[in-house]
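Taken together, the values in this text are just the output of simple stated rules run on the coordinates, not laboratory data. Not measured: the values here are computed from a predicted model. Here the Cβ positions follow ideal geometry from the backbone for every residue, glycine too, while neighbour counts run over all protein chains shown.
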Amino acid sequence: MEILTDRLVLREYSEDDLELLHSFRIDKNISKYIHWNDLSFEGTRSILKEGLDDQKEENRKYYHFVICLKQDSIPIGEIGINIKISNIYGGICILGYFMHKQYWHNGYMSEAAHEIIKYAFSELKLHKIEAYVDCKNKRSIKVLKRLGMKKEAKFKKEVFVKDRWEDVAYYALVK
Ligand SMILES: CC(C)(COP(=O)(O)OP(=O)(O)OC[C@H]1O[C@@H](n2cnc3c(N)ncnc32)[C@H](O)[C@@H]1OP(=O)(O)O)[C@@H](O)C(=O)NCCC(=O)NCCS
């Protein structure tokens with residue numbers, strides 16, 4: 001599946017993307033505020049497999065897309081949602097994203113996220129999008145606010161980062 005925006009192609013992962021996904025995960029600028037437990041190549045392989053297996057399911061849990069520039073198909077990052085709950089009355093998903101630093105500050109992530117939210121509300125019929133963000137991650141908080149997401153809560157000392165516990169903010173957008 002592909003989703004198009006003005007400047008981007010959002011395409012789902014394929015078996016050929018193992019090295020790409022690993023390059024995202026070991027990028028220190030990306031992992032500064034994203035806390036992955038297992039950064040080994042085998043860890044990446046199992047995450048990719050889980051995603052690819054899920055693509056074949058009728059009731060999917062994950063919709064994760066590689067963000068590519070439309071002009072030259074270069075992959076620059078990832079955006080995805082994990083479905084937390086879904087039934088005939090609606091559903092809730094958690095939004096996540098990251099991008100190699102050389103592509104920051106062009107509006108790409110806000111553009112991608114805007115389309116993903118549209119997809120989640122109109123195609124997947126969800127009613128709420130959530131995001132959890134390290135309170136120090138100012139760039140990501142700006143993206144969430146630009147999308148119209150509202151801060152609903154702050155969890156103090158919620159994630160362990162390197163040598164200390166950090167606060168996490170919870171943002172959400174209701175349809
Ligand atoms: C979070 C992250 C994706 C944000 O990247 P970003 O470049 O700030 O976000 P966008 O791509 O939406 O770009 C927005 C910026 O581009 C600017 N911009 C420049 N040209 C633009 C254009 N043509 N259209 C729109 N915006 C443009 C905007 O003004 C905005 O700048 P500002 O933040 O100073 O106001 C990036 O910092 C990242 O990957 N971080 C590491 C991973 C991470 O923390 N993920 C989130 C975990 S919760």
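At q = 0.19 Å⁻¹, what is the base-10 log of I(q)/I(0) for the chain according to the Debye formula with one equal point scatterer per Cα and no solvent? Please give it to two decimals. Results for the chain at q = 0.19 Å⁻¹ read -1.50.
Restricting the calculation to Cα atoms, every distinct pair contributes to the Kirkwood radius of region 82-149, found to be 12.8 Å.
Cross-linked pairs Lys56/Lys150; Lys28/Lys145; Lys84/Lys118; Lys84/Lys175; Lys84/Lys162; Lys70/Lys136: Cα-Cα separations exceed 26 Å for Lys56/Lys150; Lys84/Lys162; Lys70/Lys136. Net charge near Val9: determine it from the other residues with C-beta under 12 Å of the C-beta of Val9, scoring Lys and Arg +1 and Asp and Glu -1. Result for the local shell: -3.
Within 10 Å of each candidate Cβ there may be at most 16 other Cβ atoms; applying that plus a DSSP loop requirement, which chymotrypsin sites (Phe, Trp or Tyr not before Pro) in region 8-44 survive?
On the way: sites: Tyr13, Phe24, Tyr33, Trp36, Phe41; in loops: Tyr13, Tyr33, Trp36.
Passing both the DSSP loop test and the Cβ count: Trp36.
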